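Read through the structure below, which is laid out as structure tokens, and then see the notes.
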Amino acid sequence: MIASVSGEVLVRRPDYVVIDAAGVGYRLAVSAETLKSVPARGKRASLHAHLVARDDALNLYGFASEEERDLFLHLISVGGVGPKVAMAALSGGPVRELLRAIAAGDAKRFQAVPGIGKRTAERIIVELRE
């Protein structure tokens, strides 16, 4: 399991970054919130990571904080929420605001995310409220 990636930022795009770690360029999908904390190209960065292994691909996801990674893991544990939808949800605001929305039962906050309908938003609230 890859838990973190540190090195020079080679590429910085709206939905991913590439970080050179010891000569290997790791492409990490990131949320808009994480992207805010990634420095400009040529600077050093360190991101927490999670590797998702599928039959046809290995996808690496990067996070500015452990809290964001933990929320990502909780989100993908909910039926109907895959990694791409979870990243879109994390792009909707700071982790603390998303956690408050879950605690308050604010399903509309999650319905605004592309790929999350009313039933999935309600499932997120019910399953993660604890």
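How many nm separate the modelled label positions at Glu122 and Val11, each set 7 Å beyond the Cα in the direction of the Cβ?
Each label point lies 7 Å from its Cα, and together they span 4.1 nm.
Using a 1.4 Å probe and ignoring any ligands, DNA or RNA, find the accessible area of Thr34 and quote it in Å² to the nearest 10.
Near enough 0 Å² of accessible area.
Within the chain, what percent of beta bridges assigned by DSSP are antiparallel, to the nearest 5?
Rounded to the nearest five, the antiparallel share is 95 percent.
The values are calculated or read from the model by the stated rules, or taken from the named source; none is laboratory data. Since the model is a prediction, treat every value here as computed from it, not as a measurement. Cβ coordinates were reconstructed from backbone atoms using ideal geometry, including for glycine residues, and neighbour counts include every protein chain displayed. Each accessible area value is taken on the protein alone, full model and side chains, heavy atoms only, with ligands, DNA and RNA left out. Shrake-Rupley method; radii C 1.70, N 1.55, O 1.52, S 1.80 Å.
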